[in-house]
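All remarks here apply to the structure that follows.
The values are calculated or read from the model by the stated rules, or taken from the named source; none is laboratory data. These numbers were taken from a predicted model, which means no experiment stands behind them. Note that each Cβ is placed from the backbone with ideal geometry, even for glycine, and that neighbours are counted across all protein chains shown.
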Amino acid sequence: MSGNNIDMTTSKDSQDQLIIFDTTLRDGEQSPGASMTLDEKVRIAKMLEQMRVDVIEAGFPVASEGDFKSVRAVAEAVKNSTVCGLARALNKDIDRAGEALKPAVSSRIHTFIATSPIHMKEKLRMEPDEVLAGAVAAVKRARQYTDNVEFSAEDAGRSDLDFLCRVVEAAIDAGAGTINIPDTVGYNIPHQFGELIRKLIERVPNSDKAIFSVHCHNDLGLAVGNSLSAVLNGARQVECTINGLGERAGNASLEEVVMAVRTRRDVFSCDTNIDATMIVPTSHLVSSVTGFPVQPNKAIVGKNAFAHESGIHQDGVLKSRETYEIMRAQDVGWSDNKIVLGKHSGRNALKTRLEEIGIVLESEEALNAVFSRFKDVADRKHEIFDEDLIAIANESQAALEEMHYELVSSWVCSETGEIPHAKVTLKIDGKEVTGESDGGGSVDAVYSAIKQIVPDHGMLELYSVNNITSGTDAQGEVTVRLEKAGRQVYGNGADTDIVIASAKAYLDALNKLALATDRAHPHDSVVSEGV
């Protein structure tokens, strides 16, 4: 059995530590359109490990062969965090999770079954005693693979308290070291949810033998509030995602939970092991990979989170930062300093600055790719900011992954009163192919030219443009969403030329569609369930 890297006792030290369980790779990926490739999952997992996340839920191994391989790959790559696999309370799920997690230095199996009356009756078609027996059997079977087992009572927030106490007590007796109480449908209110956690800890006789965890969804915008209320009432693990990614309205946001606990130490008697300076770089990576932009006014990671436009606010901040800022931007990975890197800068200066903002390149090949792209941007852009570097690094590392279509050249003629015309050359498996077409605008002409080369291109459902920094020479970041045969994929591209950025984003999505046969999204094989 794999060893644990988290102490499952209830000593003073464990009571002072709030365990961060990140489920971006599992629950986050269940967001429609947020499917990630194996390489993308590993990249995100390594960033989470660098951030010092305690537990990384890497996926749902039984969902598909692709998900199994992704969990296995994360288990092989991550050394300093516990790697977790999700499993329903079914033997086949648990066995599959155990197999996927074999390479992990520290592994956890997270098994769950629903306990609310509506879920037991309408979904499971099981009696309460059957659910109780299923929970116990699942925990015991998971213990055959690892001594680090987590049990979740799905839809606990709508469950009968007496029955929930029975299930929790039985799961702990069976060997579960972590008990997760999910607000699966985002139904609870903070004071109510905190009281539920308090009552469970008080009423379950063996509650001192397990760590209580919470997993809250954001359907009413209360996921973080419910999670923090639970922490105040004894929960010592919070399940969350980067940027609050997740099904429906999303999950509790990791960055908000971590910084709320850290900023309000006068309220919370615990803290996390998280390296908060990694929050912003990880947020950018997850946004880039999934194609889900971060709203400007998003707490902690939104680009306006530390911006001040009001004259009164500006005056106060200039006199004393603490007048309007309760956190330092640098503490979560933002930098308010301009980059002095330019086209004459060397590789070492670039590498050093990337490391300062939390981006570590693990191979010479990766550094070469980033440096080449950096030089290209520096030739065309007067000033390069940290946000530019993050975009350059994400794009360059993604380009190292397997690509079916590569952009060789793009030519566009757009003249007032004339129909725009584009000629595009792509490299397809090493062979150059050219297509050309008219369009309603420059981007439309380029996309039409690409469609001439790639007939099986799917349906374009979303086209979005955001500026990475300010100024007319800023890099533009384009996000597209393609749909084909029920599968949605996102593509991203960045460039100082918005037409080129658009072409890159479109080809990124086409490459993901081309690779789609190699893996299936969790929705495609089994009913996508989760806590």
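Looking across segment 217-263, the residues that are touching a residue at least 60 places away in the same chain (Cβ under 8 Å) and of a type in the set (D, E, K, R) come down to ARG236, GLU239, GLU247, ARG248, GLU255. Please work out if GLY59 is within 12 Å of the chain's Cα centre (by Cα), under 27 Å from GLY491 (Cα atoms) and among the small types (Gly, Ala, Ser). Answer is yes for this residue. Tallying residues that are within 23 Å of ALA73 (Cα to Cα), surrounded by fewer than 23 Cβ atoms within 10 Å (Cβ to Cβ) and among the charged types (D, E, K, R) within segment 102-139 yields 1.
Within segment 303-346, if we keep just the residues that are surrounded by fewer than 16 Cβ atoms within 10 Å (Cβ to Cβ) and closer than 18 Å to VAL257 by Cα, the residue that is modelled with the lowest pLDDT turns out to be GLU325.
Run down VAL204, VAL214, VAL168 and say which single residue is over 26 Å from ALA329 (Cα atoms), over 22 Å from the mean Cα position of the chain (by Cα) and surrounded by 23 or more Cβ atoms within 10 Å (Cβ to Cβ).
Going through VAL204, VAL214, VAL168 in turn, just one is over 26 Å from ALA329 (Cα atoms), over 22 Å from the mean Cα position of the chain (by Cα) and surrounded by 23 or more Cβ atoms within 10 Å (Cβ to Cβ): VAL168.
No other residue among GLU99, GLU150, GLU154 is under 29 Å from ILE44 (Cβ atoms), at pLDDT 95 or above, in the same structural domain as MET51 (by TED's automatic domain parsing) and surrounded by fewer than 17 Cβ atoms within 10 Å (Cβ to Cβ) apart from GLU99. The combined condition, being outside the structural domain of ILE44 (by TED's automatic domain parsing) and crowded, with 22+ Cβ neighbours inside 10 Å, is not fulfilled by GLN452. The set of residues in segment 201-224 that are within 21 Å of THR23 (Cβ to Cβ) and hydrophobic (A, V, I, L, M, F, W, C) comprises ALA210, ILE211, PHE212, VAL214, CYS216, LEU220, LEU222, ALA223, VAL224.
One residue stands out among those in segment 14-54 that are of a type in the set (A, V, I, L, M) and without any contact (Cβ under 8 Å) to a residue 60 or more places away in the chain: the one that is farthest from VAL105 (Cα to Cα), which is LEU25.
Do we find a residue being under 28 Å from VAL370 (Cα atoms), among the aliphatic types (A, V, I, L, M) and buried (at least 18 other Cβ atoms within 10 Å of the Cβ) anywhere in segment 413-422? No, there is no match, as no residue in segment 413-422 is under 28 Å from VAL370 (Cα atoms), among the aliphatic types (A, V, I, L, M) and buried (at least 18 other Cβ atoms within 10 Å of the Cβ). When restricted to residues that are buried (at least 24 other Cβ atoms within 10 Å of the Cβ) and either among the aliphatic types (A, V, I, L, M) or out of contact with any Ser or Thr (no Cβ under 7 Å at 6 or more places or on another chain) (or both), segment 217-230 contains 6. State whether one or more residues within segment 258-269 are part of a helix (DSSP H, G or I), crowded, with 24+ Cβ neighbours inside 10 Å and β-branched (Val, Ile, Thr). Within segment 258-269, one or more residues are part of a helix (DSSP H, G or I), crowded, with 24+ Cβ neighbours inside 10 Å and β-branched (Val, Ile, Thr). Residues that are without any contact (Cβ under 8 Å) to a residue 40 or more places away in the chain and more than 18 Å from HIS404 (Cβ to Cβ) within segment 464-482 comprise VAL465, ASN467, SER470, THR472, GLY476, VAL478, listed in sequence order. Contact annotation: residue pairs with Cβ atoms under 7 Å, 6 or more positions apart or on different chains, pairing a residue in segment 113-132 that is within 15 Å of SER152 (Cβ to Cβ) with a partner that is of a type in the set (S, T, N, Q), are THR115/SER159; SER116/SER159; VAL131/THR115. Inside segment 422-444, can you point out the residues that are assigned to a loop (DSSP other than H, G, I, E, B), closer than 25 Å to VAL465 by Cβ and in contact (Cβ under 8 Å) with a residue 24 or more places away in the chain? Result: GLY441, single match.
In segment 445-459, the condition of being of a type in the set (Gly, Ala, Ser) and at pLDDT below 90 is met by at least one residue. Residue check: PHE374 meets all listed conditions (1) modelled with pLDDT under 80; (2) of a type in the set (Phe, Trp, Tyr); (3) within 22 Å of SER470 (Cα to Cα) but one, namely (1). Mind checking whether some residue in segment 380-393 is surrounded by fewer than 18 Cβ atoms within 10 Å (Cβ to Cβ) and either without any contact (Cβ under 8 Å) to a residue 40 or more places away in the chain or not in a helix (DSSP H, G or I) (or both)? Within segment 380-393, one or more residues are surrounded by fewer than 18 Cβ atoms within 10 Å (Cβ to Cβ) and either without any contact (Cβ under 8 Å) to a residue 40 or more places away in the chain or not in a helix (DSSP H, G or I) (or both). Each residue in segment 457-496 was checked for being of a type in the set (A, V, I, L, M, F, W, C), more than 26 Å from VAL377 (Cα to Cα) and either assigned by TED's automatic domain parsing to the domain that holds ALA378 or crowded, with 22+ Cβ neighbours inside 10 Å (or both), and 2 of them qualify. As for segment 246-255, it holds at least one residue that is surrounded by 24 or more Cβ atoms within 10 Å (Cβ to Cβ) and at pLDDT below 95. Looking only at residues that are in a helix (DSSP H, G or I) and out of contact with any helix residue (DSSP H, G or I) (no Cβ under 9 Å at 6 or more places or on another chain) in segment 357-371, which one is surrounded by the fewest Cβ atoms within 10 Å (Cβ to Cβ)? Going through the qualifying residues, I end up with GLU364. Being within 18 Å of VAL167 (Cβ to Cβ) and at pLDDT 95 or above, is that true of even one residue in segment 103-110? Yes. Summed over segment 25-72, the residues that are at pLDDT 95 or above, of a type outside the set (A, V, I, L, M, F, W, C), out of contact with any strand residue (DSSP E or B) (no Cβ under 6 Å at 6 or more places or on another chain) and in a loop (DSSP other than H, G, I, E, B) give a count of 1.
For segment 177-205, a residue qualifies if it is part of a loop (DSSP other than H, G, I, E, B) and touching a strand residue (DSSP E or B) at 6+ places or on another chain (Cβ under 9 Å), and the qualifying residues are GLY177, THR184, VAL185, GLY186, TYR187, ASN188, VAL204.
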